[in-house]
Amino acid sequence: MATLTQTTIRVNLPQEAYDVRIAPDGLDQLGAWLAGDGLTEKPLVKPGQKVLLVSNPVVFELYGLRVIASLKKAGYTVCHCILPAGEQYKTLASIERIHDAAYENRLERSSAMVALGGGVIGDMTGFAASTWLRGIALIQVPTSLLAMVDASMGGKTGVNHPKGKNLIGAFHQPKLVLIDPNVLKTLPVREFRAGVAEVIKYGVIWDKPLFEKLEAAERLDDYNHVSSDLLQTMLEHSCRAKADVVSQDVKEAGIRALLNYGHTIGHAIESLTGYSEINHGEAVAIGMVAAGQIAVDMKLWEASATERQDALIKKTELPTRLPNGINIDEILVSLKSDKKVKEGTVRFVLPKGIGEAFVSDMVTDKIAKAVLESLRSQSEVN
């Protein structure tokens, strides 16, 4: 694979603007960039301050020492907190462990937390940073494709409640998002595909040229078979789309809800399967298939469009059917506790054309149930 190029995307938020820096081998420059070298006129975190690195065992073994070396070289005092990997550990108990590490290492308001890992680590570290001493600096260093194109940006942080995903949290914007595409070389294939699900989402709701580039690709299912040009496009277009959306709507009062395409049913599936049977991207893929079919049934977009979407999902080798044994009535109940419910009504993000979507409160339980029934696993149907 050819070398990717360095790019900086500005997320223009009032009083909280920050950069998303896509930089091959950027892990080795993190400390210098936080200190202001070549990135900002003044340090994002003053050299000499304490930095708590939060990661999981797998990622820390691969990249933790590189990041620590980079931070120490720039003059920071570094400590670390290692949490178990997996969505099932995205709980208040894990936040307490981060807070304990912050206390033991005497983090101050001038200190910072660095999230080195996927979306789970990013969400938890962000929430811990937002609540420690009422808020300290956060730096996101995503190591999964899904976190790179979605979870690390926009300031959403939090943990799951036993009754639903991401019900506990806060908005806390990072000082910097550093994306080093080279770490994707060690990402498991299944996790790479999960990230592609979010890229497909951006193509459907916001970016028709991105969607068409994905359609033109021979394969989307494996990092090793995605060209450097396409990977650069996937990263840049997805990050720009999210930056555009969150810059217009910081706290999801309007247009930002579009980013939840596929997530309404997807979150319910994750919750009901215990966050262990399928991962986030796989659940979103199923949710997009469902949302596309709902839009067809409501005559909001053409059947040919949902066929194009589903073809991309299948090309990525993501699931398009509900997991075996899942109860559809339980999905419908779970939807009622979704964050996007307004005045008791479930709000769905639905497509109306490739690159266009809107939020609808007109999806009835009857419509949703009929579509979910059609997505039962073939093994159950037979």
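If a residue counts only when it is closer than 21 Å to Gly158 by Cβ and either out of contact with any Asp or Glu (no Cβ under 8 Å at 6 or more places or on another chain) or touching a residue at least 60 places away in the same chain (Cβ under 8 Å) (or both), which strands (runs of 3 or more DSSP E) contained entirely in the stretch 28-140 have at least 3 such residues?
Qualifying strands (runs of 3 or more DSSP E): 50-55, 112-117.
So which of Gln6, Gln88 ends up being modelled with pLDDT under 95 and closer than 30 Å to Ser227 by Cα?
None of the other options fit; the residue is Gln6.
Quick one: Phe127 ticks every box in (1) buried (at least 24 other Cβ atoms within 10 Å of the Cβ); (2) within 13 Å of the chain's Cα centre (by Cα); (3) under 21 Å from Arg256 (Cβ atoms) bar one, so which box is it?
It fails just one condition, (2).
Pairs needed: first member in the stretch 206-227, among the aromatic types (Phe, Trp, Tyr) and buried (at least 17 other Cβ atoms within 10 Å of the Cβ); second member anywhere, in a loop (DSSP other than H, G, I, E, B) and at pLDDT 95 or above; C-beta distance under 8 Å; at least 6 residues apart or different chains.
That search, which allows pairs on different chains as well, returns Trp206/Gly355; Phe211/Ile354; Phe211/Gly355; Tyr223/Leu187.
Only one of (1) exposed (fewer than 14 other Cβ atoms within 10 Å of the Cβ); (2) hydrophobic (A, V, I, L, M, F, W, C); (3) modelled with pLDDT of 95 or more is not met by Ala357, so which one is it?
Status for Ala357: all satisfied but (1).
Restricting attention to the stretch 44-62, does a residue exist that is of a type in the set (S, T, N, Q), surrounded by 15 or more Cβ atoms within 10 Å (Cβ to Cβ), at pLDDT 95 or above and over 30 Å from Ala194 (Cα atoms)?
yes
State which residue is nearest to the chain's Cα centre (by Cα) when the search covers only the stretch 230-251 and only residues that are over 17 Å from Pro174 (Cα atoms) and touching a residue at least 40 places away in the same chain (Cβ under 8 Å).
Ser238
The values are calculated or read from the model by the stated rules, or taken from the named source; none is laboratory data. Quick caveat, the model's predicted, so the values are computed rather than measured. Glycine also receives a Cβ, built like all others from the backbone with ideal geometry; neighbour counts cover every protein chain displayed.
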